[in-house]
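Note sheet for the following structure.
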Amino acid sequence: MVALDLTGQKFGELKVIARNGNVGNHAAWLCQCSCGNQTTVPSNKLKSGAIVSCGHLKRDVNHTGLRRGYQNKKKKDVATFLLDSKRKVRSDSSTGITGVKVVKYRDGSIHYAAEVTVKGKRHRIGTFPTVEEAAQARQAAVDALLNDLND
């Protein structure tokens with residue numbers, strides 16, 4: 001079976017330059033990305049839209065930590081809406097409270113660590129004997145951060 005010639009076609013940010021062997025059962029194509037990088041992509045991934053860039057689009061989203069459209073909701077480069085205590089708690093949360101996790105020590109005691117992530121960097125607030133104290137400490141840290149951003 002002869003592969004369909006994709007040379008010159010555009011798929012998202014990728015322009016097909018030339019055939020470049022096979023990847024599994026699929027023809028592979030050397031592509032030029034709009035950012036200047038070159039990458040080899042199997043034809044099925046190009047035609048389905050599964051791959052639309054060299055990877056820079058995904059890196060851009062991951063680098064900012066936010067999807068497009070959220071940038072204008074930030075204050076001083078901080079995604080304050082992600083700090084909101086009314087946000088849905090992650091299903092894998094061990095405590096049911098955002099930013100508070102269970103810490104088990106070797107002696108068998110259980111404590112609760114409070115932390116907040118700002119601009120992709122995790123800030124440890126402290127470890128507390130009760131989940132309530134940890135939640136209060138995290139909320140106080142978030143409130144202080146929000147006050148600083150509003151000044």
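The values are calculated or read from the model by the stated rules, or taken from the named source; none is laboratory data. Quick caveat, the model's predicted, so the values are computed rather than measured. All Cβ positions, glycine included, derive from the backbone under ideal geometry; neighbour counts span all protein chains shown. Note: areas computed on protein heavy atoms with side chains; ligands, DNA, RNA excluded. Shrake-Rupley method; radii C 1.70, N 1.55, O 1.52, S 1.80 Å.
Numbers below:
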quantity: Hits in the stretch 132-143 - residues which are more than 25 Å from the chain's Cα centre (by Cα) and hydrophobic (A, V, I, L, M, F, W, C); calculated: A134, A137, A140
quantity: Members of the stretch 78-134 that are aromatic (F, W, Y) and crowded, with 17+ Cβ neighbours inside 10 Å; calculated: Y112, F128
quantity: Any chance A144 is of a type outside the set (D, E, K, R), surrounded by 14 or more Cβ atoms within 10 Å (Cβ to Cβ) and either more than 17 Å from R87 (Cα to Cα) or free of Cβ contacts under 8 Å to residues at least 60 places away in the same chain (or both); calculated: no
quantity: Number of positions in the stretch 3-17 that are modelled with pLDDT under 90 and open to solvent by 70 Å² or more (accessible area, probe 1.4 Å); calculated: 2
quantity: Residues of the stretch 18-49 satisfying the condition of being open to solvent by 70 Å² or more (accessible area, probe 1.4 Å) and in contact with a Leu (Cβ under 7 Å, 6 or more places away or on another chain); calculated: N20, Q38
quantity: Only one of V100, V116 that is under 26 Å from the mean Cα position of the chain (by Cα) and at pLDDT 90 or above; calculated: V100
